[in-house]
Every structure is written in C-alpha cells, then in structure tokens.
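Input: a single structure, listed below in structure tokens.
The values are calculated or read from the model by the stated rules, or taken from the named source; none is laboratory data. Values in this document were obtained by computation on a predicted structure and should not be read as measured data. Here the Cβ positions follow ideal geometry from the backbone for every residue, glycine too, while neighbour counts run over all protein chains shown.
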Amino acid sequence: MLDRMPPTQVSLRELSREVGLSKSNVVRYFPTREAVFLAVLTADWDSWLTAVESRLPTPDAQRHPRDQVRLVAAAIAQALGEHRRFCDLIAACQTVLEHNVPLEVAREFKGAALDRLNQFASLTRSRIPELGEAQGAEFAGLVWALVAGAWPLANPSPVVATVLAEPRFAAIRVDFTPAMTRTLTVILDGMTRPADPPG
C-alpha cells in the first residue's frame, strides 16, 4: 500500500492493517500517520544512498572533470527515478508530513535528515574532488528541493496526465530523470568551474 498510494491518502487505520497491528499498537510507537511516513522516508533515504554509492563513477585522472560531473549528475538522477516512494515522500514532506507530528518527532527527523544530507554531500565530494565542503552541503540541499518541486510535476494526477499528453502541452511536460540530469549537471558544473579572473 505504501508503494501504491500517496501519503496524503493513507489513514493510520489503513497503515495498521497493512502491517498487521492494531491501531493502538501502531500509535504506541508512532503518534500520527505522518510520523510513520517520516520513519519510512528515513529508511528509504538509506536505501537510496546505498544505490547512489553503487552507481557513482570513481574519479579518473584520464577523464575530463566536466565528463565526471555529467556522469555523477546522471547517476544521482537515475537513482532518484528508480526510488519512486522515496521521491513521493520527499514531495510530501514539507507540505504534509511535517505538519502533524510532535516536537520530538520533528527534531528526530530533522536530525536524521541532516545526517543523510551530510552523507550525500560527502559521497558527492568523494567523486568530484573540486567540490568544496560548503558547496557539497549546498548541493545536497538543492537536490532535495529539486525533487520536492519536480517530482509532482513529472507525476501528475491521471486527469492532468491525460491533458498533458495533448500535443499543445508538450512544452510543460516534465520527464523527471532527463530533467534532473540536465539540472544537476548545470549546478555541479557551475559549482566546480574556476571563477573568472577579476577585471
């Protein structure tokens, strides 16, 4: 069920039935359904990081830095496109999931998110040595923000998808993985390109 339905459409009762526990038992560990989904998001994040690490190209002295940037961007975008539930949950995180949780759940999730963003930043920097520490952290945050915005656009409701299939709307259709590949390539290229000399 978690793979088939958006988080906004799943009740705590349905979640309880899915995992084979009573609602009271689920509430003992998770005060709200949003807290359940934040826990799922954290677990999916770990799985995604593992997938990204396996895809990322190692640095190669024979490879031009711009080619390395393109390969890294493509690997990140492809791993995102293959982890649909992870992207669904990112898209719902700020607008839905973080709006009905107690303070301690919010604090715990933000701590987990910070750890994983730092891990992703370090992973990216290990493949692009020209990327500074602050730039790596910024890049990790930008990837999150881009997924939150682009994923819903690329995965509209069935009614909107039917409309977007009409030829006149071709310019506003979003093909997620190619769009993310291009965008991340531009960002990483800009972050690692030497600054122009003054004057």
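Rundown of residues vs (1) β-branched (Val, Ile, Thr); (2) under 15 Å from Ala39 (Cα atoms); (3) modelled with pLDDT under 95, yes/no style:
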{"residue": "Arg70", "(1), (2), (3)": "no, no, no"}
{"residue": "Gln94", "(1), (2), (3)": "no, yes, yes"}
{"residue": "Val101", "(1), (2), (3)": "yes, yes, yes"}
{"residue": "Val105", "(1), (2), (3)": "yes, yes, yes"}
{"residue": "Phe120", "(1), (2), (3)": "no, no, no"}
{"residue": "Arg125", "(1), (2), (3)": "no, no, no"}
{"residue": "Ala134", "(1), (2), (3)": "no, no, no"}
{"residue": "Ala145", "(1), (2), (3)": "no, no, no"}
{"residue": "Ala154", "(1), (2), (3)": "no, no, no"}
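Pairs meeting the criteria (first residue in region 146-175 and of a type in the set (A, V, I, L, M, F, W, C), second residue exposed (fewer than 10 other Cβ atoms within 10 Å of the Cβ) and assigned to a helix (DSSP H, G or I), beta carbons under 8 Å, at least 6 apart or on different chains) are Leu164/Ile172. Residue count for region 94-108 under the criterion of being surrounded by 14 or more Cβ atoms within 10 Å (Cβ to Cβ), in contact (Cβ under 8 Å) with a residue 12 or more places away in the chain and farther than 21 Å from Trp151 by Cα: the result is 2.
Just one of the numbered conditions (1) in contact (Cβ under 8 Å) with a residue 24 or more places away in the chain; (2) not charged (D, E, K, R); (3) not in a loop (DSSP other than H, G, I, E, B) is not true of Thr50: (1).
Regarding region 156-175, can at least one residue be identified that is within 20 Å of the chain's Cα centre (by Cα), part of a loop (DSSP other than H, G, I, E, B) and among the hydrophobic types (A, V, I, L, M, F, W, C)? Scanning region 156-175, I find at least one residue that is within 20 Å of the chain's Cα centre (by Cα), part of a loop (DSSP other than H, G, I, E, B) and among the hydrophobic types (A, V, I, L, M, F, W, C), so the answer is yes.
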